[in-house]
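First up is the structure itself, then whatever we jot down about it.
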């Protein structure tokens, strides 16, 4: 059994342009140059942690990364951060 933390957060009151910028800073993005000839993966602040993105505003991570991920989310200005501590018996897929 594995201990996991489920984060649920929102960017309430922000414009879509701002939300896109914050998501790129958090999760990283793929950068294309020279008309798509070269691609580069740009890492985000959460790239160094083992994070699974379940849906928009929903993350699943190990309990070890709990404090660091919470700090980064607070620093980026997310609203209504909720954490749920869960135990996973078996991961399928």
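At-a-glance table
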{"item": "Residue that is farthest from residue 73 (Cα to Cα) [pool: residues in the stretch 4-27 that are modelled with pLDDT of 90 or more and in contact with a strand residue (DSSP E or B) (Cβ under 6 Å, 6 or more places away or on another chain)]", "result": "4"}
{"item": "Meets criteria (touching a strand residue (DSSP E or B) at 6+ places or on another chain (Cβ under 7 Å) and either surrounded by fewer than 10 Cβ atoms within 10 Å (Cβ to Cβ) or in contact (Cβ under 8 Å) with a residue 12 or more places away in the chain (or both)) for residue 42", "result": "yes"}
{"item": "Where residue 87 falls short, out of the listed (1) part of a strand (DSSP E or B); (2) without any contact (Cβ under 8 Å) to a residue 60 or more places away in the chain; (3) surrounded by fewer than 12 Cβ atoms within 10 Å (Cβ to Cβ)", "result": "(2)"}
{"item": "Index of the failed condition, residue 53 passing every other in (1) outside any strand (DSSP E or B); (2) under 14 Å from the mean Cα position of the chain (by Cα)", "result": "(1)"}
{"item": "Criterion violated by residue 36 - all others in (1) assigned to a strand (DSSP E or B); (2) over 15 Å from residue 8 (Cα atoms) satisfied", "result": "(1)"}
{"item": "Any pair with Cβ under 7 angstrom, 6 or more apart, that starts in the stretch 8-33 at a residue that is at positive phi and ends at one that is modelled with pLDDT of 90 or more and loosely packed, with under 14 Cβ neighbours inside 10 Å", "result": "28/41; 28/42; 28/43; 28/47"}
{"item": "Among the candidates 79, 30, 90, residue that is farther than 24 Å from residue 3 by Cβ and at pLDDT below 90", "result": "79"}
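The values are calculated or read from the model by the stated rules, or taken from the named source; none is laboratory data. Predicted, not measured: the structure shown is a model, and the values here were computed from it. When we count neighbours, we look across all protein chains shown, and the Cβ atoms used for this are built from the backbone with ideal geometry, even at glycine.
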